[in-house]
Amino acid sequence: MKYITFALVLSLFVSCSSDDEKDYVTLNDQEITEYIAKNNLNAKKSSTGLYYVIEEAGTGTQPNAASNVTVAYKGYLTDGTVFDESDSYKTDLVNVIPGWREGIAYFKEGGRGKLLIPSHLAYRNESVGTIPPYAVLVFDINLISVN
């Protein structure tokens, strides 16, 4: 009997978690589209829900999801709160959040633009540093090189 009760409580918890995440997918999308309108951006939306703005496509090598890249970036929330930035960040794209892995691959070396990443492609319900749970992340990106 206690296993049945445990299973019922666990299934209730799992179903609530997925409902919350589904709600945040919708809320994040609304937040991103409002941000795009307010800032007069020409953004495209991918099938995963990532929005990206290509300000300059670049002319060099285009990375894939497993590339090692050097990127200059500034990361902030839609209210403008900056949470991180770097003039030269070197990383393997397999080691970053899904929104970066997908988004960086839209640029070629020398390209720059913006990634608007919903929480399901970032940290989901986790709080990371000054980033709150279910936060939309905005990144100004400059792809310096594909290493």
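Below are the figures for this structure:
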quantity	calculated
The stretch 72-89 - phi-based ³J(HN,Hα) in whole Hz, Karplus 6.51/-1.76/1.60, Gly and Pro as x	9, 8, 9, x, 8, 8, 5, 8, x, 5, 7, 10, 6, 6, 7, 8, 6, 9
(i) 1.19; (ii) 1.31; (iii) 1.05, with the label sought being that of the calculated Cα Rg over 2.2 N^0.38 Å	(i)
Pairs of Lys in the chain closer than 15 Å at Cα, counting only those 8 or more apart or on different chains	5
Residue-averaged 222 nm ellipticity for the chain, from DSSP H runs of 4+ at -39500 (n - 2.57), nearest 500	-10500 deg cm²/dmol
In order through the stretch 132-147: 3J(HN,Hα) via Karplus (6.51 cos²θ - 1.76 cosθ + 1.60), integer Hz, x for Gly, Pro	x, x, 6, 7, 7, 10, 10, 10, 8, 10, 10, 7, 6, 7, 9, 8
Length gained when the stretch residue 91-residue 128 is fully extended (0.36 nm per residue, less Cα-Cα span)	11.4 nm
Total charge dipole magnitude, the chain, about the Cα centre, Cβ charges on Lys, Arg, Asp, Glu only, Debye to nearest 20	300 debye
Lys/Arg +1, Asp/Glu -1 at C-beta; the chain dipole; positive extreme among 75, 43, 62	62
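Rule-based calculations on the coordinates, nothing more; no lab input. Predicted model, so just to flag it, every value in this text is computed and none were measured. No Cβ is skipped: glycine too gets one built from the backbone with ideal geometry, and neighbour counts run over all protein chains shown.
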